[in-house]
Amino acid sequence: MPHRSPEFARIEAATDEAIRRAAGRIRQGDLVAFPTETVYGLGADATRGQAVAAIYEAKGRPSFNPLIAHVDSIAMAETLVVFDPLSRRLAETFWPGPLTLVLPARPDCPVSSLATAGLDTLAVRMPAHKVALDLIRAAGVPIVAPSANTSGHVSPTSAAHVYGDLSRRVPLILDGGRTEVGLESTILQVRDDTPYLLRPGGLAREDIEAAAGVAVVRSEGDPSTAPVAPGMLASHYAPRARVRLDARRVEPNEALLAFGGASIRGATEAKRVFNLSPAGSLREAAANLFDMLRRADGDDVAGIAVAPIPTHGLGEAIRDRLTRAAAPR
Ligand code: TXA
Ligand code: MG
């Protein structure tokens, strides 16, 4: 087995030298946490079953939940999957960037079947982050990486978040500062020329529709008829405290996540207050979401009240994550 360090993780600034050493670790079958533009990932060589198994073990993740293979180019993606014309156009438009495409795996796809959870499709994405791209390039293999949090916890947007969750389970965390997008990638699967949205994320539906020239269909409900992302369990992004959406007032002992200038009754009585974006920018709110959810959370609060968030643009993904955080569990 790849070694699982009983020691605490090392956090290293992502210098060229540190990335080179991290790539060496990946090639040896170790885990490395690294930044992308969306959230931090917990990476392993996609082609090594033992290394992939170590990811599931470190996260405590149900093994049926497949992983995204991160590539440094469309050319590398083509060694793994088969593109249909629309998926190819979307990759050319939005890569590198926060778009994950679910595509049929090639018959000779070298990715471990543990990473695909036995599906005949593979999720691939090219991240828009220099550290991530340099790491993949230096390792010379696709890197599978789920978000670098323990299963069911909020995704990490800083090296400190990763450390808080996984310090005893990953030997090395490459520190690239705070992630810029702050939400996981948008996951899309094209079937019969129709793009299905499996997970709203850091690339807004409107941008995809403008490039695709057709409507994006939200894929929910019956998994036998609609494509699904197996990881989209209802209560996935779970802080400890109960989350209450579209709140117009703060109840006793609640923390408040505000948005824009809207006045929320009882705000001055809130246990803690964070404003996702005082200026009302959805982009800024996305970047702050997981960090502020973590900071609002705690044993001392009865719940987290969240001010109304618009439904358009990145609001769709922000509301999706908050709805999951609010789901009963
Ligand atoms: O932004 C991101 O996507 C981050 C960074 C690290 O790249 N990664 C991430 O990975 O969010 P993870 O493992 O937390 O979420 C991957 C999602 C899961 O919901 C999984 O079910 C879905 O992708 N998925 C993976 N392979 C799939 C496939 N072949 N078909 C459908 N869904 C798939
Ligand atoms: Mg995740």
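Some points to look at:
- Of all accessible heavy-atom area on region 113-165, the percent that carbon and sulfur account for (1.4 Å): 58 percent
- Theoretical ellipticity at 222 nm over the chain - DSSP helices of four or more residues, -39500 (n - 2.57) apiece, nearest 500: -8500 deg cm²/dmol
- A full extension of the chain between Thr194 and Thr311 corresponds to an added length of 39.9 nm, given 0.36 nm per residue minus the alpha carbon distance.
- Protein accessible area in region 242-326, 1.4 Å probe - carbon and sulfur %: 48 percent
- Farthest towards the positive end of the charge dipole of the chain, among the residues Gly261, Ala211, Val82, is the Cα of Gly261, using unit charges on the Cβ of Lys, Arg, Asp and Glu.
- Taking 7 Å steps out from each Cα toward its Cβ at Arg242 and Ala215 produces label points 3.6 nm apart.
- In plain terms, the chain from Ser113 to Glu206 could stretch by 30.1 nm, reckoned as 0.36 nm per residue minus the Cα-Cα distance.
- Note on Ala262 and Arg20: the extension gain reaches 82.4 nm, defined as 0.36 nm multiplied by sequence separation minus the Cα-Cα distance.
- Sites Ile74 and Ala327, calculated FRET efficiency, Cβ-Cβ separation with R0 45 Å, nearest 0.05: 0.80
- Computed with a 1.4 Å probe over protein heavy atoms only, the accessible surface of the chain comes to 41 Å² per residue.
- For region 4-86, with all protein chains in place and a probe radius of 1.4 Å, 55% of the accessible heavy-atom surface sits on carbon or sulfur.
- Distance between region 95-165 and region 276-329 - C-alpha centres, whole angstrom: 24 Å
- Cβ charges +1 (Lys, Arg) and -1 (Asp, Glu), total dipole of region 242-326, debye: 100 debye
- Residues of region 119-155 with an amide N closer than 20 Å to a point placed 7 Å from the Cα of Arg168 along the Cα-to-Cβ direction: 148-154.
- Scoring 132-143, 306-317 by mean Cβ neighbours within 10 Å over their residues and listing the highest first yields 132-143, 306-317.
- Peptides 7-15, 269-277, 30-38 ranked from most to least packed, by the mean per-residue count of other Cβ atoms within 10 Å: 30-38, 269-277, 7-15.
The values are calculated or read from the model by the stated rules, or taken from the named source; none is laboratory data. Remember, it's a predicted structure, so these values are computed and weren't measured experimentally. Virtual Cβ from ideal backbone geometry, glycine too; neighbours counted across all protein chains shown. Surface accessibility is based on the protein's heavy atoms, side chains included, excluding ligands, DNA and RNA. Shrake-Rupley method; radii C 1.70, N 1.55, O 1.52, S 1.80 Å.
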